[in-house]
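Asker: Pasting in a structure now, in structure tokens, and then I'll have a few things to ask.
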Amino acid sequence: MSAIPVTVIGLGPMGQAMVRLLLAAGHPVTVWNRTPSRAEGVVADGARLAASPADAVAAGDLVILSLTDYQAMWDILGDATAALAGRTLVNLSSDTPDKTRDAAAWARSHSASFVAGGVMVPPHMLGTDLAYVYYSGDVAAFDAHRATLAHLGEPRFLGDDPARAQLMYQAHLDVFLTTLSGFVHATALVGSAGITAEEFLPEVMRLFHAIPDMIAEDGVAALGARIDAGEHPGEVGNSVMMGATADHIEAASRSAGIDLTLPRAVQAHYHRAISDGHGAEAWTRIIDGIRAPR
Ligand code: NDP
């Protein structure tokens, strides 16, 4: 069976990496990008540059969008809606859950199928064993194109609500960006005692590898099940102990004269759990205050 024609709209680093993997897998690939010069590399590799968004959509059974946000999709396809009927749009761009659901309804109104996705690795890791991509939305359309999408990374389908893949992406980035800020804040903190980033970063990396074991002796799935059940047994790592540590980090940051935004946010989570009477329960109890801020 010959490989299906695929269209990729959006040729930032991510879109270009996708085009190259699809070409390598034998798919005819048509591309379109607002700034045409960005297509030069992938055209040299074998992709065809469409003359217009409508031409691009018409060329692919599967239309993948890799754009800064969802508004970019509407900006590009707003005048090409007549070409959408019968196509599957897979939008791998970041945006809010609401915009993602709006996009699915918009696609349906033009007789197109819609699947949202979130790519969980940077462009240079796409197509490797470490690559995975969350998808949700039209189940039949996803199933029809699963094998093609698998060239980008392991497809992980999350059901028919298109917002689920988007939220899974945002949740990973929530952890990632918070961690990066923690990383940099901590580097500034130890720097106040003359410890260089070069010394510190290899040390702190040990923590990353240990976190799964540190937070749950019986495994992270069991920890998740307890959170889902509203159970927060606090024999180890209770909110008073963790809150005291959060206080010490805030005080150390203050005496170092560095930014206090992050330590104060963390401190506030524990103060809230303690003031709600949950000091003896596990650190996971901070989820109540996060779910229902005052
Ligand atoms: P870029 O910002 O480099 O590319 C964005 C693309 O969107 C470009 O093709 C740009 O066109 C286009 N674009 C933006 N606004 C408009 C508009 N109003 N009209 C038409 N085209 C528009 O992003 P990446 O390739 O890095 O990322 C693409 C998506 O992948 C993003 O949603 C990102 O969150 C996601 N992602 C990226 C990762 C990464 O490490 N890069 C990792 C995981 C996900 P033009 O070339 O003309 O500017």
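Asker: Could you tell me the calculated FRET efficiency between ALA244 and MET214, based on Cβ-Cβ distance and R0 = 22 angstrom, to the nearest 0.05?
Answerer: According to the calculation, E is roughly 0.80.
Asker: Taking every pair of alpha-carbon atoms in region 167-291, give the share separated by more than 23 Å as a whole percent.
Answerer: Result: 39 percent of Cα pairs exceed 23 Å.
Asker: Further, regarding this structure: For the chain, just the Cα set please: Rg and Dmax, both in angstrom.
Answerer: Computed over the Cα atoms of the chain, radius of gyration and Dmax are 23.2, 68 Å.
Asker: Same structure, new question: So if I take the centroid of the Cα atoms in region 1-73 and the same for region 164-217, what is the distance between those two points in Å?
Answerer: Taking the Cα centre of region 164-217 as reference, the centre of region 1-73 is 35 Å away.
Asker: Using Cα pairs closer than 8 Å and at least 6 residues apart in sequence, work out the relative contact order for region 167-291, in percent.
Answerer: Relative contact order of region 167-291: 26 percent.
Asker: Quick test of the membrane-span-like rule: which DSSP H helices of the chain reach at least 27 Å along their long axis (C-alpha atoms) with mean Kyte hydropathy at least 0.0?
Answerer: Helix filter hits for the chain: 162-191.
Asker: Let me ask another. Charges only on Cβ, +1 for Lys and Arg, -1 for Asp and Glu: so what's the dipole of the chain about the Cα centre, in debye to the nearest 20?
Answerer: 600 debye
Asker: Taking every eigenvalue of the Cα gyration tensor of region 26-122, multiplying by 5 and rooting it, what semi-axes result, largest first, whole Å?
Answerer: 21, 16, 12
Asker: A further question on this structure: In nm, give the distance between the simple-model label positions of ARG156 and THR187, each being 7 Å from the Cα along the Cα-to-Cβ direction.
Answerer: 2.7 nm
Asker: Kindly put GLU198, GLU154, GLU203 in sequence by how many other C-beta atoms sit within 10 Å of each C-beta, fewest to most.
Answerer: Ordered by Cβ neighbours within 10 Å, fewest first: GLU198, GLU203, GLU154.
Asker: Can you say what percent of the DSSP beta bridges in the chain, counting only those with both residues inside, are antiparallel? Round to 5.
Answerer: 20 percent
Asker: In square nanometres and to one decimal, what's the mean projected area of the convex hull around the Cα atoms of region 57-107?
Answerer: Mean projected area for region 57-107: 3.2 nm², to one decimal.
Each value in this text was obtained by applying a stated rule to the coordinates, not by laboratory testing. Predicted model only: the values in this text are computed from it and were never measured. As a convention, Cβ positions derive from the backbone with ideal geometry for all residues, glycine included, and neighbour counts pool all protein chains shown.
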